[in-house]
């Protein structure tokens with residue numbers, strides 16, 4: 001039986017809670033990034049090996065997207081969300097007690113896999129929201145997710161300075177417990193009526209890629225833009241901890257505040273997509289992503305250029321990402337969790353690849369190698385974005401004339 005709550009059930013306070021939850025839970029995958037140099041020193045690791053921590057977080061997140069997020073189309077949402085939150089908390093506690101790289105990777109993998117609960121919340125918000133405001137609601141919830149990714153670095157840097165790198169995991173686990181209690185009390189019950197069993201749900205994701213060209217194109221674009229994001233943030237701590245900057249963990253974490261400006265693009269991007277400007281926003285966004293690497297390339301000599309490049313990259317990424325999400329989630333209302341699962345699987349697969357390639361590039365070629373890698377991805381995304389805009393414009397024109 002479908003126990004869907006009416007759109008009025010999605011109050012402002014509930015939207016805020018969902019946005020805060022996505023931010024908190026996704027942040028769990030990024031606390032290590034500004035601390036990679038510290039963890040490398042404490043555990044006697046090379047930068048390339050330390051980068052495996054970030055790769056593990058994103059790869060396990062990608063696996064969770066395929067294996068766990070589709071459960072949102074099968075199970076009662078509130079119970080599923082709370083259970084996944086508790087499992088993610090368990091992973092944080094495992095990391096908080098880690099004394100070796102394998103132990104930290106195990107905790108990271110557990111947290112990464114179950115923190116995909118954020119991707120159950122996004123289509124849930126879309127389901128509960130009125131159609132006219134859906135883009136803005138999704139944008140608001142997704143802004144919480146991006147803020148979590150970026151502010152995780154600031155929080156992690158500060159807590160590491162106050163204690164050590166374990167401290168952030170203890171604090172994060174405590175906050176997750178409090179957040180889980182709030183979700184249990186405030187989320188409405190909802191279960192979607194589906195005749196598919198679990199195996200069919202997982203298999204049907206491939207069918208959705210075949211059925212919807214927009215889904216394929218936007219997912220590949222998501223792969224490219226998040227790869228760029230990970231290329232920057234994986235190696236940024238290495239750059240800032242080395243000469244001439246030689247910053248400590250807390251100062252490195254503050255650069256997350258510059259990236260947090262990207263969250264400002266979420267609601268406007270959602271609104272522009274609602275008004276039919278998705279193609280134009282896509283081209284502008286991918287062009288800005290490429291431009292950002294020109295500024296980031298000066299990061300070894302200018303902090304102002306580095307900060308400006310971070311702001312531009314994160315604003316542009318958020319604009320393109322929110323546009324992708326809004327176009328995908330309207331394709332099939334009965335399969336929103338699976339559409340979200342497939343898109344975010346490729347999105348974080350790009351992130352995992354970008355992290356691994358970035359750490360390797362920095363180890364061999366320094367910051368210039370990282371910038372070259374990011375710029376190459378930016379050019380590829382720009383060419384592909386132009387192609388997408390042209391194809392979707394033709395399809396929209398045909399649909400209107402038909």
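The values are calculated or read from the model by the stated rules, or taken from the named source; none is laboratory data. Keep in mind that this is a model prediction, so the values were computed, not measured. Neighbour counts are summed over all protein chains in view; Cβ atoms, including those assigned to glycine, are modelled from backbone coordinates with ideal geometry.
Quick check on my filter: what residues within the stretch 289-334 are under 18 Å from residue 209 (Cα atoms) and out of contact with any helix residue (DSSP H, G or I) (no Cβ under 7 Å at 6 or more places or on another chain)? Listed by number, the residues that qualify are 330, 333, 334.
If you go through the stretch 31-61 and keep only what is at pLDDT 90 or above and not in a helix (DSSP H, G or I), you end up with 31, 32, 44. Reported count of residues in the stretch 338-384, each being out of contact with any helix residue (DSSP H, G or I) (no Cβ under 8 Å at 6 or more places or on another chain) and at pLDDT 95 or above, is 4. I want to confirm something. Restricting to the stretch 127-136 and keeping residues that are surrounded by fewer than 24 Cβ atoms within 10 Å (Cβ to Cβ) and part of a helix (DSSP H, G or I), which single residue is nearest to the chain's Cα centre (by Cα)? It comes out as 136.
Test of understanding: among 64, 91, which residue is crowded, with 23+ Cβ neighbours inside 10 Å, in a helix (DSSP H, G or I) and touching a residue at least 60 places away in the same chain (Cβ under 8 Å)? After ruling out the rest, the residue left standing is 91.
Only one of the numbered conditions (1) at pLDDT 90 or above; (2) farther than 14 Å from residue 282 by Cα is violated by residue 329, and that is (1). When the stretch 166-193 is filtered for residues that are in a loop (DSSP other than H, G, I, E, B) and surrounded by fewer than 15 Cβ atoms within 10 Å (Cβ to Cβ), the ones remaining, listed by number, are 189, 193. Of the residues that sit in the stretch 178-202 and are under 25 Å from residue 328 (Cβ atoms) and modelled with pLDDT of 90 or more, which one is nearest to the chain's Cα centre (by Cα)? So the residue we want is 183. Taken over the stretch 273-282, the criterion of being at pLDDT 70 or above and crowded, with 17+ Cβ neighbours inside 10 Å is satisfied by 278, 279, 281, 282. Checking every residue in the stretch 113-120 against the condition of being assigned to a helix (DSSP H, G or I), under 15 Å from residue 15 (Cα atoms), under 12 Å from the mean Cα position of the chain (by Cα) and modelled with pLDDT under 85 gives zero matches.
Restrict the check to the stretch 334-351 and report whether at least one residue is touching a residue at least 24 places away in the same chain (Cβ under 8 Å), more than 23 Å from residue 149 (Cα to Cα) and surrounded by fewer than 21 Cβ atoms within 10 Å (Cβ to Cβ). Yes - at least one qualifying residue is present in the stretch 334-351.
Only one entry in 232, 220, 236, 240 is more than 17 Å from residue 149 (Cα to Cα), in contact (Cβ under 8 Å) with a residue 24 or more places away in the chain and part of a helix (DSSP H, G or I), namely 220. Against the definition (farther than 29 Å from residue 122 by Cα, modelled with pLDDT of 95 or more and in a loop (DSSP other than H, G, I, E, B)), how does residue 291 come out, yes or no? Judged against the criteria, residue 291 is not a match. Taking the stated definitions as given, is residue 71 surrounded by fewer than 24 Cβ atoms within 10 Å (Cβ to Cβ) and outside any helix (DSSP H, G or I)? It is false that residue 71 is surrounded by fewer than 24 Cβ atoms within 10 Å (Cβ to Cβ) and outside any helix (DSSP H, G or I).
If you filter the stretch 307-320 down to residues that are surrounded by 24 or more Cβ atoms within 10 Å (Cβ to Cβ) and at pLDDT 90 or above, you find that the one that is farthest from residue 137 (Cα to Cα) is 309.
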